[in-house]
Each structure stands twice: as structure tokens, then as C-alpha cells.
Amino acid sequence: MAEHPIGVHVGPGLTEDNELDAGGPLARAAEMDADGVQVFLGDPQGWKAPLPRPDAEDLLASDVAVFVHAPYVLNVASTNNRIRIPSRKNLAVHARASAAVGARGMVVHGGHVLAKDDPAAGFDNWRKTFARQADDGGFPLPLLIENTAGGDNAMARELGAVARLWDAVGEFGAGFVLDTCHAWAAGWDLATAVDDVRAITGRVDLVHLNNSRDPHGSGRDRHAPLTGGEIPLELLLEVARAADCPVVLETPGDAASHAEEVALVREALRQA
Ligand SMILES: [Zn+2]
């Protein structure tokens, strides 16, 4: 197994009938010569519990590093019960399903509270999410919280917010995903981002290595190919080197362009 797997986000890899789409995620990984895949277990914009996957055994047995991305609609920070409670439930269900396919971690966005809310309520809701799960035996795999690009009162956009979030969830072993496009959009200095995050969390578990279509500090979340965005390529590669952990590309492109990006990052890490 690769020491620093380089993966690509491939979506659910399933048809509407829950059958493998053209061989599914592992076929995509082989096509791109990737050491990892990030998948959705269901509709990323939906609340349904994931169905058992036809490739569960294969994913479990594979050397390919599997990461799961939780649905975007989840927001465990929310002060609205009708969002927060189903979010927590869905997170627990997704975590079990992720463990069943041997995922190394499940990525979930930091979420946000409304402008009228005190952010403290959102951080506390995160703490309660972990605390209640801990009462239930904990999450069956690492939960990796990702920094987000924009929005007011976000739980993981500004480094100051990450610090408050970690005061709430650090003790439960929460993991961190550093998304370079989001960090750039939020105005972080990518040259020091890995150190800045580690100073707060003590860890970076996964890098989402994406370029951005928009300028530094734009607040916009529009991913670009590694060599085709506003972030200098060398700055991106430096983040991957400094993070010293698995990488997942969430860049737009086809199998051929992703294969090139995987090779490029692999070569850059080899030189590290
Ligand atoms: Zn991401």
C-alpha cells in the first residue's frame, strides 16, 4: 500500500439501480493509476440512508485507500432541530456504512449557524455530536472535519473558528481535512496553512488538493484543475508535501487528466 496514497473523488460510482457504474470506484482508480478513491455512499444532496454496496467486499479487501464524503446537506452545528437532529442521525448511519466498506475516514463539512445565531451554539452542537456518539461507543472510523470556503458564521472557515471548534471536539479524536481551494477562498496563507492548522489541531489527516477558479480570499468554492487555476501549482504541491498524509483530488476533469494529476503529485511527493 502506498505510504501517501493519492486518490481521486469519484462520486458514488453506482447506477440508479445501485449497481456498479462501469466497474465502480475501484475500476476508476485503476484507470487513473490512483492509490485512493473518495466516494459518496448515497445522494450527496439527500438524506436517505445508504444502501449496502455491491462492491463492499471488494472495497474492504482492496489496497486502494477508501475515503467517504458525507452528504453536503448535513449540518450538525445547526441550531435548527429539524436540521441538526437528522444530521446527527445521518452522520452515524453514514459512519457505519463507511466502516462497512473499510473506509479510512469519513469527511464531513464543518457546517454553520445562521447570522442571528451565536457561533458558540454551533461549536457546542459539534461537541454534543461527538459526546453523544461517544456514549454510543464512538464513531467506527475517524470523522474528518473539512474547512469550508465561504459563508458567515461557518464552523471551519477561519482559523479562529477552527480553534474554537477544536476546543469543542479535539478531545474526541476528531480529524481534519485541509481543502486547499477552500483555504485559498477563505484567505489563508497556503505557505503556512499546514503548520497553522497543526498548531491548532495537532493533525492534518487528509488533503483535498484542489486549485481554485477564483482569486485569494474570494469566498467562492469553485474547484479548478491542479495546473489550471489561480493558486500557483508549486504552492499546492508544497501543501501536499508539508501535510505528509493521504491526498484526494476533487478537481474537474476526465480519467486521462486525473491520471496526469495523480502522476504529477506522486512525482512531487517522491522528491520530498
Ligand atoms: Zn473538499
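The values are calculated or read from the model by the stated rules, or taken from the named source; none is laboratory data. Treat the numbers as computed from the prediction; the structure is a model and nothing was measured. No Cβ is skipped: glycine too gets one built from the backbone with ideal geometry, and neighbour counts run over all protein chains shown. These accessible areas exclude ligands, DNA and RNA; they are computed on the full protein's heavy atoms, side chains included. Shrake-Rupley method; radii C 1.70, N 1.55, O 1.52, S 1.80 Å.
The figures follow:
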{"read-out": "Accessible area, probe 1.4 Å, largest first, for residues Ile200, Ile6", "value": "Ile200, Ile6"}
{"read-out": "Hits among lysines - C-alpha to C-alpha of Lys89 under 19 Å, sequence gap 8 or more where chains match", "value": "Lys48, Lys128"}
{"read-out": "Relative contact order of region 6-271, pairs being alpha-carbon contacts under 8 Å that are 6 or more residues apart, as %", "value": "16 percent"}
{"read-out": "For region 217-272: rounded, prolate or oblate by the Cα gyration tensor [a/c cutoff 1.5]", "value": "oblate"}
{"read-out": "Computed [θ] at 222 nm, helices only, for the chain once each DSSP H run of length n ≥ 4 contributes -39500 (n - 2.57)", "value": "-12000 deg cm²/dmol"}
{"read-out": "Fluctuation leader among Glu230, Glu250, Glu146 - the chain, Gaussian network, Cα springs under 10 angstrom", "value": "Glu230"}
{"read-out": "Amide hydrogen neighbours beyond the local backbone of His69, cut-off 5 Å, H modeled", "value": "Val39, Phe40, Leu41, Val107"}
{"read-out": "FRET efficiency estimate (nearest 0.05) - Cβ-Cβ, Lys89 to Asp117, R0 30 angstrom", "value": "0.90"}
{"read-out": "Accessible surface of region 6-271, 1.4 Å probe, proportion on carbon and sulfur as whole %", "value": "49 percent"}
{"read-out": "Net lengthening on full extension, Lys128/His216 (0.36 nm per residue, minus Cα-Cα)", "value": "28.3 nm"}
{"read-out": "Gain in span if fully extended, Asn80 to Asp17, counting 0.36 nm per residue against the direct Cα distance", "value": "19.4 nm"}
{"read-out": "Principal axis box of the chain, alpha-carbon based, largest edge first, Å", "value": "46, 41, 28"}
{"read-out": "Accessible area per residue, Å², region 120-209 with all protein chains present, probe 1.4 Å", "value": "35 Å²"}
{"read-out": "Helical segments meeting 27 Å axial Cα length and Kyte-Doolittle -1.0 threshold in the chain (DSSP H)", "value": "81-100"}
{"read-out": "Spatial separation of Cα centroids for region 2-33 and region 126-163, in angstrom", "value": "27 Å"}
{"read-out": "Alpha-carbon centroid distance for the pair region 37-74 / region 195-272, whole angstrom", "value": "22 Å"}
